[in-house]
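A.B. asks: I have a structure I would like to understand better, so I am pasting it below and will then ask my questions one at a time.
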Amino acid sequence: MPKKSCLGFILVFLLVLPVISGCVTSQPADRQHIVPASASAVAPSSVSPSMTPFDEDTGTMKVIGIIGGVSWTSSVDYYRIMNERVQYLLGGDNSAKILMYSIEFGEFSKQERLAAAGNWDLLNGTMIDAALRLKNGGADFIVIASNTMNSRADDIEKKVGLPVLRIYDVTGSKVNKSGIKKVALLGTKYTMEADFYRNALENKYGVRVVTPNLTEREYINRVIFDELCRNDIRNESRQEYVRIINRLVDEDGAQGIILGCTEIPLLIHQSDVKVPVFDTTRIHAEAAVDYALNLT
């Protein structure tokens with residue numbers, strides 16, 4: 001290359017270099033603090049924008065272990081909400097430390113049917129196996145991304161040796177703090193009919209629980225498994241859920257609604273009903289981040 005051409009190339013490169021460097025090292029101010037839609041309602045009062053609630057150098061953020069895939073349609077939201085909350089609390093490029101083991105739901109749904117008939121052996125084995133995989137991967141605690149499967153929390157803690165952040169506890173605490181005394185619980189047929197959820201809310205958090213009638217429970221359950229778990233969101237199903245909710249409010253005196261299945265928030269939102277809605281997916285995911293950051 002001639003000396004003049006070479007010299008000219010060097011000068012152009014030196015002029016362009018600062019621009020390139022700026023593109024790589026800087027980011028728009030509006031990307032540095034992305035606030036989730038519900039941030040104003042979920043930011044803990046103990047955290048100020050100028051305070052980092054954990055020490056990055058010592059690595060005190062706990063690793064969240066998620067048992068997901070039950071079903072994958074709600075597990076996606078767990079991952080998104082957790083990372084949104086960490087970014088909101090810590091700013092910049094911070095994100096959650098997460099391990100997820102996603103269960104193959106086709107086989108798992110067969111095990112659920114066996115459990116419904118009284119044989120829990122295969123399902124329990126699958127849940128323990130998933131928890132052990134998370135423990136071996138370095139998870140510090142476990143989040144079961146399913147209201148129904150939180151009924152297995154005691155067994156997992158005993159056999160795996162990691163704490164399980166129970167969805168009914170963080171939800172019960174949220175309802176208690178809201179001042180609401182009577183809620184309607186929507187979920188799988190098992191969640192609505194078994195004692196584990198109702199007992200926690202009533203005995204630990206002083207919240208009375210009402211559930212839909214048998215016909216409504218069967219309809220809610222069918223929509224969950226035949227539609228929502230397959231990411232099939234139908235307006236007619238939303239309308240029927242809203243009708244059931246309104247009946248529970250008008251006839252049974254429900255002051256709030258617990259969406260006690262992590263797929264139901266795909267269908268029902270606060271704008272659909274006239275009483276407060278407790279989205280267990282969001283409540284659980286945000287509580288997991290607070291626990292991981294030692295805020296609770």
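A.B. asks: Within region 200-221, identify whether any single residue is closer than 17 Å to Ala145 by Cβ and in contact with a Cys (Cβ under 9 Å, 6 or more places away or on another chain), and answer yes or no. Quick ask: steps written out before the conclusion?
C.D. replies: In the first step, residues of region 200-221 are kept if they are closer than 17 Å to Ala145 by Cβ; the result is none.
Within region 200-221, not a single residue is closer than 17 Å to Ala145 by Cβ and in contact with a Cys (Cβ under 9 Å, 6 or more places away or on another chain).
A.B. asks: OK, next. Pick out the one residue from Ile64, Ile81, Ile167 that is in contact with a helix residue (DSSP H, G or I) (Cβ under 9 Å, 6 or more places away or on another chain) and either small (Gly, Ala, Ser) or more than 24 Å from Arg230 (Cα to Cα) (or both).
C.D. replies: Details: Ile81 fails: either small (Gly, Ala, Ser) or more than 24 Å from Arg230 (Cα to Cα) (or both); Ile167 fails: either small (Gly, Ala, Ser) or more than 24 Å from Arg230 (Cα to Cα) (or both).
Step by step, each of Ile64, Ile81, Ile167 is checked, and only Ile64 is in contact with a helix residue (DSSP H, G or I) (Cβ under 9 Å, 6 or more places away or on another chain) and either small (Gly, Ala, Ser) or more than 24 Å from Arg230 (Cα to Cα) (or both).
A.B. asks: Could you please find all residues in region 269-296 being farther than 20 Å from Asn176 by Cβ, hydrophobic (A, V, I, L, M, F, W, C) and surrounded by fewer than 21 Cβ atoms within 10 Å (Cβ to Cβ)?
C.D. replies: Step one: filter region 269-296 for residues farther than 20 Å from Asn176 by Cβ, giving 269, 271-274, 289, 292-294.
Filter once more, keeping what is hydrophobic (A, V, I, L, M, F, W, C): 273, 289, 292-293.
Passing the criteria: only Val273.
A.B. asks: Would you check if Ser271 is over 19 Å from the mean Cα position of the chain (by Cα) and either among the small types (Gly, Ala, Ser) or assigned to a strand (DSSP E or B) (or both)?
C.D. replies: Working: over 19 Å from the mean Cα position of the chain (by Cα): yes; either among the small types (Gly, Ala, Ser) or assigned to a strand (DSSP E or B) (or both): yes.
Here the answer is yes, as Ser271 does meet what is asked.
A.B. asks: For residues that are over 14 Å from the mean Cα position of the chain (by Cα) and assigned to a helix (DSSP H, G or I), scanning just region 164-182, find the one that is surrounded by the fewest Cβ atoms within 10 Å (Cβ to Cβ).
C.D. replies: Once the filter is applied, the top-ranked residue is Lys177.
A.B. asks: Would you tally the residues in region 189-226 being touching a residue at least 24 places away in the same chain (Cβ under 8 Å), charged (D, E, K, R) and either closer than 26 Å to Lys110 by Cα or not assigned by TED's automatic domain parsing to the domain that holds Ser173 (or both)? Quick ask: steps written out before the conclusion?
C.D. replies: Taking region 189-226 and keeping what is touching a residue at least 24 places away in the same chain (Cβ under 8 Å), we get 189-194, 196-197, 200-201, 204-212, 216-221, 223-225.
After this cut, where a residue has to be charged (D, E, K, R) as well, the list is 189, 193, 204, 208, 216-218.
If we keep only those that are either closer than 26 Å to Lys110 by Cα or not assigned by TED's automatic domain parsing to the domain that holds Ser173 (or both) too, we end up with 189, 193, 216-218.
Qualifying residue count, region 189-226: 5.
A.B. asks: Follow-up question, since we're still on this one. Inside region 233-254, can you point out the residues that are more than 15 Å from Tyr219 (Cβ to Cβ) and part of a loop (DSSP other than H, G, I, E, B)?
C.D. replies: Listed by number, the residues that qualify are Ile233, Gly253, Ala254.
A.B. asks: Further, regarding this structure: Do any strands (runs of 3 or more DSSP E) lying entirely in region 49-163 carry at least 2 residues that are among the hydroxyl-bearing types (Ser, Thr, Tyr), and which ones are they?
C.D. replies: Per the criteria, 98-102.
The values are calculated or read from the model by the stated rules, or taken from the named source; none is laboratory data. Bear in mind the structure is a predicted one, so any value in this text is a computation, not a measurement. Cβ atoms come from the backbone with ideal geometry, glycine included; neighbour counts cover every protein chain shown.
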